[in-house]
Amino acid sequence: MNLHLCYSCEYTILLNLTAFDKAKHMKIAIICDWLVTYAGSERVLAEILTCYPEADLFAVVDFLPAGHRGFIKNKPVTTTFIQQLPFAKKYYRQYLPWMPLAIEQLDVSNYDLIISSSHAVAKGVITGPNQLHVSYVHSPMRYAWDLQHQYLQESGLDRGIKGFIAKKILHKMRIWDQRTANGVDHYLANSNYIARRIEKIYRRDAEVVYPPVDIHRFTPKNDKENFYLTASRFVPYKKIDLIVETFSTMPDKKLIVVGTGPDFNKIKSQAASHVELLGYQPDEKLIDLMQRAKAFVFAAEEDFGITPLEAQSCGTPVIAFGKGGTLETMRGLDQENPTAVFFAEQTVSSLTDAIKKFEANANHLTPENCRKNAERFAPELFQQKFKKIISEKTSGVCA
């Protein structure tokens, strides 16, 4: 019996090694939606490229500046016809109705393994029966599915002829998005929250692989100063206006805001004198503020939320909206070794109560707890899990 088990174990190990070796020698294509900046999905892409540096890279458009291409290892990028359309560099999002057609024109027929990193259309790339397509989904298209009404309202497209056209376009996007869902062999999700959305929309299971947080860029600081911090793009769903409005009603609490975007001037005009809007800041300055802040404030409903975990890498606790991915990545006051205080509604009163609760319990939210929590999302752990899953999925190709 023991001999039989030994042979069985050796056979299993041999199969796994063969699969891993086959994965290493596969011709690999990595597809992403667009390359214009370095944000959450791009950080995941960087780690996928670290796992598979030999892969070829594809995108709908690529407008990364020459000095900002290190995270894609300065690879050449194969793009779509949208790259050449008028004003695409500035208004590429306006070509969203054409992106399904564009992504389908990318020719990946010569590749064995296709990995898509998708929050819009990348998962819709066309693959054949002898190819393996694994899609890491940051989210099904938010603006086309359950957040459509919020998107239309915030964009001023919820009425009139423009609204009718926008709704028609999003209707067609939903049909395309659902139809192309079957072209993916295996789904990966960046949180359980997104896995539930994938199941709801595509009726497919997804394995959760949390995005990497580059904790090595941050060092924790125990001595905190008397100010709160938030950092984000100034777009409606980030709810920077809510944070600024709340602190404007609390004159004894200083808030520093980092970031820029379409709503910057409007929000700045509404800020009280003790709310300081710094605009864009380089990474070194942002890290310094994260290290010194008494808490980081996060009011968005995010799929995962990397920035709050970066703050926790600095030993800084978080006051966060209690919905979406943050519930999986932060430890509330009701948990062991807490790192965050949650608020239930995106309202001034709810956030105000959370700030008061934080100040009453700040001694429980230690820098040590925060740093240890963030370490669960180290890049090395992402790479290990991602490569393990790809190895398991490619084992069927070896049969």
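Before moving on, here are some points about what is shown:
- Amide H partners (placed H, <5 Å) of residue 345, local residues excluded: none
- Kirkwood radius, the range 120-186, all distinct C-alpha pairs, inverse of mean reciprocal distance: 13.2 Å.
- Scattering profile of the range 57-104 at q = 0.17, 0.19, 0.32 Å⁻¹ [log10 I(q)/I(0), Debye over alpha-carbon scatterers]: -0.51, -0.62, -1.20
- Of the Cα atoms belonging to the range 215-377, the radius of gyration and Dmax stand at 14.2, 41 Å.
- Ranked 159, 142, criterion: other C-beta atoms within 10 Å, fewest first: 159, 142
- Ratio Rg/Rh, restricted to the range 318-399 and using Cα atoms, in which Rh is the Kirkwood radius: 1.20
- Normalised Debye scattering of the range 19-153 at q = 0.09, 0.12, 0.14 Å⁻¹ gives log10 I(q)/I(0) of -0.26, -0.47, -0.64, counting only Cα atoms as equal scatterers and leaving out solvent.
- Taking amide H as placed 1.01 Å from N in the peptide plane, the amide H of residue 27 sits under 5 Å from that of 112, 113, each at least 5 places away or on another chain.
- Over the residues of the chain, the helix contribution to mean residue ellipticity at 222 nm works out to -12500 deg cm²/dmol, using -39500 (n - 2.57) for each DSSP H run of at least 4.
- Checked against a 32 Å cut-off, the cross-linked pairs 168/323; 123/167; 254/385; 294/323; 73/294; 123/266 give Cα-Cα distances beyond that limit for 254/385; 73/294; 123/266.
- Quarter of the Cα convex hull surface for the chain, i.e. its orientation-mean projected area (nm²): 22.4
- Computed log10 I(q)/I(0) for the range 79-211 at 0.09 Å⁻¹: -0.28, from the Debye equation with unit scatterers placed on every C-alpha and solvent omitted.
Each reported figure results from applying straightforward, stated rules to the coordinates on display, with no laboratory input. Given the structure is predicted, the values throughout are model-derived calculations rather than measurements. Note that we place each Cβ from the backbone using ideal geometry, even for glycine, and neighbour counts take in every protein chain shown.
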